[in-house]
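Working notes, structure below.
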Amino acid sequence: MQKGRSCGVLLHPTSLPGAEGCGTLGENARHFVDLLAAMGMSWWQVLPLNPPSCGNSPYSAFSAFAGNPLLIDLKSLELEGDLVMPGDGKISDADRVDFGTLIPTKLGALYCAATAFFASGRTDRMEEFWRFCDSTPWLHDYALFMALKKKYKGKSWHQWPASAAFLRADMYEKVSVELGSEVGVQKYLQWQFFRQWGALRSYAAARGVAIIGDIPIFVAYDSADVWRNRDLFLLDAHGRPTVVAGVPPDYFSETGQLWGNPLYNWDALERGGYDWWINRFRSMFSLFDCIRVDHFRGFEAAWHVPAGNRTAVRGSWVSGPGNRLFDAVASALGRLPIIAEDLGVITSEVEELRDNYAFPGMKILQFAFGSGSDNIYLPHNHIRNCVVYTGTHDNDTTAGWYAALNDHERYAVNGYLGTNGSTPSDDLVRAALMSVADTAIIPFQDILALPSSARMNVPGRADGNWEWRFTWDLLGKDLHEQVRRKLEFYGRCRHQPV
């Protein structure tokens, strides 16, 4: 990360306003970048941009490399001539994402755009598309995986016929030809996603706003990654996981979190020179200026839960690759601008791994109170090389968090912060900005002082997550000036002209 004091905002692009059912990479994303620049922000942090699978979670995706087609801006496709939007082109501008309506509606429009594009003949754009296909090594596997998922009505790959689930090399080209039309559509969607993301990132960079991405350590079982790389995961002879990922009981859950992701066969990955991980980091660094590595401790040791358990209580810590992996990645890619998500049960070995590469860790202010003055999340215990957050996407909004505290807990918070509790969001934001930490990241909900209804995710809850969106009318006309003054007070304002 950049040297010196800075600040950023955490907001996933799906939470942006607009008429397409969820936020996109189009005009409203550019307006948000303009807002960040006007505030003096240096960073925009997003959640994973991959195509979500189970529960619409960006942390469970059909590919660790592909982009989410729902973020493609349809208005841009219309301007390029690939799409004619019916009526006013409106899907929904509601303040919640209705995935049940959005997915079929938007994918229908995207398929129409792909059909029109391929019918247009050989053009400069078609040449650009083919160059993208030729230069994107993971693309065909992903497109074929999605084509097979459509053929088999969305079933997980292990439920496909064996000839498709365990596709032999001699059948790969044959199946690719048979499903060529759908494979082409999937490649078109990825081309449009990456060109739109590239344009948005360039727009942000021109205004002095860098982007922090998010890389989940684990991948979904029902993904192109596992389907085409079964030897890199701990699976049995039938392709089923023998153990799955999670974390033991913690702040979020008394029974732990059973994520269910397959776990890595680190011996096989090491024999391959960690190429899969090098390629994954290379892809991520081509999209973002910095990456938050989710569940960083899993590289030192991961919680292995025997397959079939209904909770994460019964499991064990199993050592990971540690320095060997990051040495290999650094050797191939050079400097690694990484934020280590070091929350939860952290050992001295995890801290040593983090500090060996000078990766900044995370300090969450909502975790700071109630356990005494030596709590590592209290601002007076922060260090410069860390990133302070009021909360993350897994936390309640600060207003909601404070409202749920009991009187004794509120007394402790107010006493430490020297406030009366009338503006808890502003109080915690101010504490983050005052921290000695080089970087402060504030969820946009906390800048707007929104209640629990604006929470993004409740860990362990199956439904109702990832749906929140803001609307422009929530912003006061002088919000950017108010925020900029706060950043100036605490030496975090980016002073480049905008």
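To keep it simple, each residue is scored yes or no on (1) of a type in the set (V, I, T); (2) touching a Pro at 6+ places or on another chain (Cβ under 6 Å); (3) not in a strand (DSSP E or B).
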{"position": "R297", "(1), (2), (3)": "no, no, yes"}
{"position": "H304", "(1), (2), (3)": "no, no, no"}
{"position": "G308", "(1), (2), (3)": "no, no, yes"}
{"position": "R314", "(1), (2), (3)": "no, no, yes"}
{"position": "V318", "(1), (2), (3)": "yes, no, no"}
{"position": "P321", "(1), (2), (3)": "no, no, yes"}
{"position": "F326", "(1), (2), (3)": "no, no, yes"}
{"position": "S331", "(1), (2), (3)": "no, no, yes"}
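Here D396 meets each of (1) touching a helix residue (DSSP H, G or I) at 6+ places or on another chain (Cβ under 6 Å); (2) assigned to a helix (DSSP H, G or I); (3) more than 14 Å from A432 (Cβ to Cβ); (4) not β-branched (V, I, T) with one exception, condition (2).
Among the residues of region 219-253, those that are more than 30 Å from I346 (Cβ to Cβ), assigned to a helix (DSSP H, G or I) and either in contact with an Asp or Glu (Cβ under 9 Å, 6 or more places away or on another chain) or of a type outside the set (K, R) (or both) comprise A224, W227, R228, D231. All of L144, L148, L77 fail the test of being within 21 Å of Q196 (Cβ to Cβ) and either of a type in the set (V, I, T) or within 30 Å of the chain's Cα centre (by Cα) (or both), apart from L77.
Yes/no per residue for (1) surrounded by 14 or more Cβ atoms within 10 Å (Cβ to Cβ); (2) in a helix (DSSP H, G or I); (3) modelled with pLDDT of 95 or more:
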{"residue": "D426", "(1), (2), (3)": "yes, yes, yes"}
{"residue": "A437", "(1), (2), (3)": "yes, no, yes"}
{"residue": "V458", "(1), (2), (3)": "yes, no, no"}
{"residue": "G464", "(1), (2), (3)": "no, no, no"}
{"residue": "E481", "(1), (2), (3)": "no, yes, yes"}
{"residue": "R492", "(1), (2), (3)": "yes, no, yes"}
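Criterion applied to A64, A94, A38 was being surrounded by fewer than 17 Cβ atoms within 10 Å (Cβ to Cβ) and either at pLDDT below 95 or assigned to a loop (DSSP other than H, G, I, E, B) (or both), and the one residue passing it is A94.
For region 219-228, the count of residues that are among the hydroxyl-bearing types (S, T, Y), buried (at least 17 other Cβ atoms within 10 Å of the Cβ) and out of contact with any strand residue (DSSP E or B) (no Cβ under 6 Å at 6 or more places or on another chain) is nonzero. Considering only region 79-88, I want to know if a residue exists there that is closer than 18 Å to P17 by Cα and surrounded by fewer than 17 Cβ atoms within 10 Å (Cβ to Cβ). Within region 79-88, one or more residues are closer than 18 Å to P17 by Cα and surrounded by fewer than 17 Cβ atoms within 10 Å (Cβ to Cβ).
Which residues, taken from region 41-60, are more than 30 Å from D438 (Cβ to Cβ) and either crowded, with 24+ Cβ neighbours inside 10 Å or of a type outside the set (S, T, N, Q) (or both)? Correct list: P51, P52, C54, G55.
I need the full set of residues from region 401-453 which are of a type outside the set (S, T, N, Q), farther than 13 Å from V9 by Cα and touching a strand residue (DSSP E or B) at 6+ places or on another chain (Cβ under 8 Å), in order please.
The answer is A437, D438.
Being of a type outside the set (S, T, N, Q) and within 27 Å of I376 (Cα to Cα) holds for only one residue in D427, D473, D463, and it is D427. On inspection, W276 fails the criterion of being assigned to a strand (DSSP E or B) and not acidic (D, E).
Per this entry, H408 is not counted among residues that are touching a residue at least 12 places away in the same chain (Cβ under 8 Å) and not polar (S, T, N, Q). Residues considered: L139, L200. Of these, the only one that is modelled with pLDDT of 95 or more and touching a Cys at 6+ places or on another chain (Cβ under 8 Å) is L139. If you check G298, G320 for being among the small types (G, A, S), surrounded by fewer than 22 Cβ atoms within 10 Å (Cβ to Cβ) and either over 28 Å from Y402 (Cα atoms) or over 22 Å from the mean Cα position of the chain (by Cα) (or both), only one passes: G320.
In region 245-281, what count of residues is obtained for those that are of a type in the set (A, V, I, L, M, F, W, C) and under 29 Å from Q366 (Cα atoms)? Counting residues in region 245-281 that are of a type in the set (A, V, I, L, M, F, W, C) and under 29 Å from Q366 (Cα atoms) gives 5.
The values are calculated or read from the model by the stated rules, or taken from the named source; none is laboratory data. Only a predicted model underlies this, so the values are computations on that prediction, with no experimental measurement involved. No Cβ is skipped: glycine too gets one built from the backbone with ideal geometry, and neighbour counts run over all protein chains shown.
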